[in-house]
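A quick write-up on the structure given underneath.
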Amino acid sequence: MIISFDIPLSKASFRVKIWRRLKELGAEKRMRSHWVLPLSKRNLIELMAIAREIKKTRGKVEIIVGRKVM
(Lines give C-alpha, C1' and ligand atoms only; values in the text may rest on other atoms or scores of the structure.)
Protein backbone atom coordinates (compact mmCIF):
# COMPACT_ATOMS: atom_id res chain seq x y z
CA MET A 1 0.00 0.00 0.00
CA ILE A 2 1.09 3.54 -0.67
CA ILE A 3 -0.05 6.69 1.08
CA SER A 4 0.73 9.93 -0.70
CA PHE A 5 -0.10 13.28 0.82
CA ASP A 6 0.35 17.02 0.63
CA ILE A 7 0.02 18.99 3.87
CA PRO A 8 -0.14 22.81 3.84
CA LEU A 9 3.23 24.45 4.56
CA SER A 10 1.72 26.27 7.54
CA LYS A 11 1.22 22.89 9.26
CA ALA A 12 4.88 21.89 9.69
CA SER A 13 4.48 20.39 13.16
CA PHE A 14 1.49 18.37 11.97
CA ARG A 15 3.56 17.05 9.05
CA VAL A 16 6.24 15.85 11.49
CA LYS A 17 3.53 14.17 13.59
CA ILE A 18 2.32 12.26 10.51
CA TRP A 19 5.88 11.26 9.55
CA ARG A 20 6.45 9.89 13.06
CA ARG A 21 3.21 7.89 12.99
CA LEU A 22 4.13 6.40 9.63
CA LYS A 23 7.60 5.47 10.89
CA GLU A 24 6.04 3.82 13.97
CA LEU A 25 3.93 1.68 11.62
CA GLY A 26 7.11 0.61 9.82
CA ALA A 27 6.40 2.58 6.64
CA GLU A 28 9.25 3.29 4.25
CA LYS A 29 9.51 6.72 2.66
CA ARG A 30 9.79 6.66 -1.11
CA MET A 31 10.15 9.85 -3.08
CA ARG A 32 8.86 13.10 -1.60
CA SER A 33 5.62 12.21 0.16
CA HIS A 34 5.05 8.58 -0.78
CA TRP A 35 5.18 6.07 2.04
CA VAL A 36 4.95 2.30 1.49
CA LEU A 37 3.53 -0.33 3.83
CA PRO A 38 2.72 -4.02 3.37
CA LEU A 39 -0.94 -4.75 2.73
CA SER A 40 -2.76 -5.77 5.90
CA LYS A 41 -6.07 -4.96 7.52
CA ARG A 42 -4.31 -3.21 10.43
CA ASN A 43 -2.17 -1.06 8.13
CA LEU A 44 -5.17 -0.09 6.02
CA ILE A 45 -7.13 0.94 9.12
CA GLU A 46 -4.18 3.01 10.36
CA LEU A 47 -3.64 4.68 6.97
CA MET A 48 -7.32 5.54 6.72
CA ALA A 49 -7.18 7.19 10.17
CA ILE A 50 -4.09 9.17 9.11
CA ALA A 51 -5.82 10.17 5.86
CA ARG A 52 -8.83 11.52 7.79
CA GLU A 53 -6.50 13.62 9.96
CA ILE A 54 -4.74 15.01 6.89
CA LYS A 55 -8.07 15.93 5.26
CA LYS A 56 -9.12 17.79 8.43
CA THR A 57 -6.14 20.12 7.90
CA ARG A 58 -7.23 20.72 4.28
CA GLY A 59 -4.42 18.54 3.06
CA LYS A 60 -4.63 16.19 0.10
CA VAL A 61 -4.18 12.46 0.51
CA GLU A 62 -4.44 9.24 -1.49
CA ILE A 63 -4.13 5.62 -0.42
CA ILE A 64 -3.19 3.24 -3.22
CA VAL A 65 -3.47 -0.54 -2.89
CA GLY A 66 -1.75 -2.67 -5.47
CA ARG A 67 1.36 -4.65 -6.18
CA LYS A 68 4.79 -3.73 -7.41
CA VAL A 69 5.39 -4.79 -10.99
CA MET A 70 8.91 -3.46 -11.48
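The values are calculated or read from the model by the stated rules, or taken from the named source; none is laboratory data. Since this is a predicted model, take the numbers as computed values, not measurements. As a convention, Cβ positions derive from the backbone with ideal geometry for all residues, glycine included, and neighbour counts pool all protein chains shown. In case anyone asks, the SASA skips ligands and DNA or RNA and just uses the protein heavy atoms, side chains included. Shrake-Rupley method; radii C 1.70, N 1.55, O 1.52, S 1.80 Å.
What percent does the relative contact order of the chain come to when contacts are Cα pairs within less than 8 Å and at least six residues apart?
That works out to 52 percent.
Is the range 28-70 best put as rounded, prolate or oblate by its Cα gyration tensor, with a ≥ b ≥ c the root eigenvalues, rounded for a/c under 1.5, and otherwise prolate when a/b is larger than b/c, oblate when not?
Oblate.
Projecting each Cα onto the charge dipole of the chain (Lys/Arg +1, Asp/Glu -1 at the beta carbon, about the Cα centre), which of 57, 45, 26 comes out farthest on the positive side?
57
Between exposed trypsin sites (Lys or Arg not before Pro) in the chain, where DSSP calls loop and at most 16 other Cβ atoms lie within 10 Å, what's the longest gap?
Of all site-free stretches, the longest is 1-31.
Counting only protein heavy atoms and using a 1.4 Å probe, what share of the accessible area of the chain belongs to carbon plus sulfur, as a whole percent?
56 percent
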